[in-house]
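The values are calculated or read from the model by the stated rules, or taken from the named source; none is laboratory data. Given the structure is predicted, the values throughout are model-derived calculations rather than measurements. We place every Cβ from the backbone using ideal geometry, glycine too, and count neighbours over all the protein chains shown. The protein model used for the area step is the full one, side chains on, heavy atoms only, and it has no ligands, DNA or RNA in it. Shrake-Rupley method; radii C 1.70, N 1.55, O 1.52, S 1.80 Å.
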Number of protein chains: 2
Amino acid sequence: MTRRAKFRQITIDEIKSLARLQMAEGGTASLSLNAIAKHMGMSGPALYRYFESRDALITALIVDAYEALANALEETAARFVHQPVRECLRQVLLTYRRWALDHPIDFQLIFGNPIPGYQAEEAITAPTAGRVFAPILRILERAYQQENRPYPAFLESLPPQLQVRLSQSMQEVQPSLPEKVVYVGIVGWYHIHGMIMLELFNHIQPLLSDPAQFYSFEIERLFDQMNL
Amino acid sequence: MTRRAKFRQITIDEIKSLARLQMAEGGTASLSLNAIAKHMGMSGPALYRYFESRDALITALIVDAYEALANALEETAARFVHQPVRECLRQVLLTYRRWALDHPIDFQLIFGNPIPGYQAEEAITAPTAGRVFAPILRILERAYQQENRPYPAFLESLPPQLQVRLSQSMQEVQPSLPEKVVYVGIVGWYHIHGMIMLELFNHIQPLLSDPAQFYSFEIERLFDQMNL
DNA sequence: CACGCAAGTTATAAATTATAATTTATGTTA
DNA sequence: TAACATAAATTATAATTTATAACTTGCGTG
């Protein structure tokens, strides 16, 4: 990497870092290119050398967030891969919530409403989205394929017309995955993910004294249903 | 109501209506006081006679949305009150999703991330929030109290330290509600609501061919667990 | 050494929310 | 009915946005 490119990368990183900081203080809306530039000691339009537009910056942040979440999940999955399936998936799901609470802004960027007028570009975010779901699927595959656990009873009553559509990128990560595994994964992910969104996007929070305990409780309940 | 007050109310309604329309087209961010005024044939600052600020307008819209959702749920609950508990709750939950899909903007206003820099005022929104949860609780109370159904098995393993905190307003709607009923309600609401948020805020949608079928499937699964 | 391109600058355009000052219209009251 | 108070709307203006254009500076490589 040339000397110039290195400095360029540093500048890009600093811009993104400041953008995250700004959003952490005032919400996803308070992102201001001008303010960032000012804070970096340069003036407004200079930033457009590094990001084509405000939306381009946001897209970059979203992609980063996706990667970071996926990395966190994969790392946990790897660390507990020698533990029993139940413990391994438990740790992954706990990491999921932990990461969301530790990086609320990034989580909002990924799963929240689009920012002011920002239009998420499916083409850019979709590939990485698969990486988030993949670790969960891999653990479930181990449970039902390798260890031959019986599939959950509720799969029997699943409507036959209902079909899963694994995205291109996810199929690359996990080729030839049995449909039943994916179904179980979706049911679990919806359940878990929904809880986290509710906790993070508030409005329901005051209902429970300790969301963490409730989350753990629901995880065990889910595992029981999954025959883990 | 005086003649002037009536016109004033009409104007307020028109502003809110146009605001909703605007958001429906360009997302919650595209709300512009100027554009509304222009569309109404008056110029900018005139709107400030009716709403103190942009945030005040948004708050009004949020309150309206809460009311509308609560009304829809209550209406369905009333219409099916003579049906078996299971059918009644099913219809209420179907209405919940239906309303969310039919009014995505309002649903985002209520449960999504705050708009660009907008800070939700708990004091204003909390009271109405109770009305959304209340119909569900009432049906569950009927099941477990009046009809003496056994409580779900999973309640046994609920951590004893976990406590529910019913808001002031909810206690007024439902006084002296057994804690167990509230627990079941929360578990159910989290599950259901989480699914809807995922469907609405996308990012996971392409995973399933028919979200409606999945939703119905999960409802039945939930009911089985609830002994309904 | 000199040329080319990257990086940053200022100037400017088109929006936004919001305030101040002013005019116009309405409704009530002496 | 006439006069006055207040509501409603206007224009002008300020302070911010994002974004483009044109120009200057300076690095680094051939």
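For segment A:26-79, taking the residues that are over 26 Å from A:G130 (Cβ atoms) and polar (S, T, N, Q), the one that is farthest from the other protein chains (Cβ to nearest Cβ) is identified as A:S43. Checked against (1) within 11 Å of DNA strand C (Cβ to nearest atom); (2) surrounded by 13 or more Cβ atoms within 10 Å (Cβ to Cβ), A:K6 passes all but a single condition, namely (2). When residues in segment A:37-71 are screened for being touching a residue at least 24 places away in the same chain (Cβ under 8 Å) and among the small types (G, A, S), 4 of them pass.
Only a single criterion out of (1) without any contact (Cβ under 8 Å) to a residue 12 or more places away in the chain; (2) more than 9 Å from DNA strand C (Cβ to nearest atom) is not satisfied by B:K16, namely (1).
With respect to (1) open to solvent by less than 50 Å² (accessible area, probe 1.4 Å); (2) at pLDDT below 90; (3) more than 22 Å from A:L222 (Cα to Cα), the lone exception for A:P127 is condition (1).
With respect to (1) farther than 17 Å from B:H193 by Cα; (2) at pLDDT 95 or above, the lone exception for B:L93 is condition (1). When B:I186 is tested against (1) more than 21 Å from the chain's Cα centre (by Cα); (2) without any contact (Cβ under 8 Å) to a residue 24 or more places away in the chain, only condition (1) is not met.
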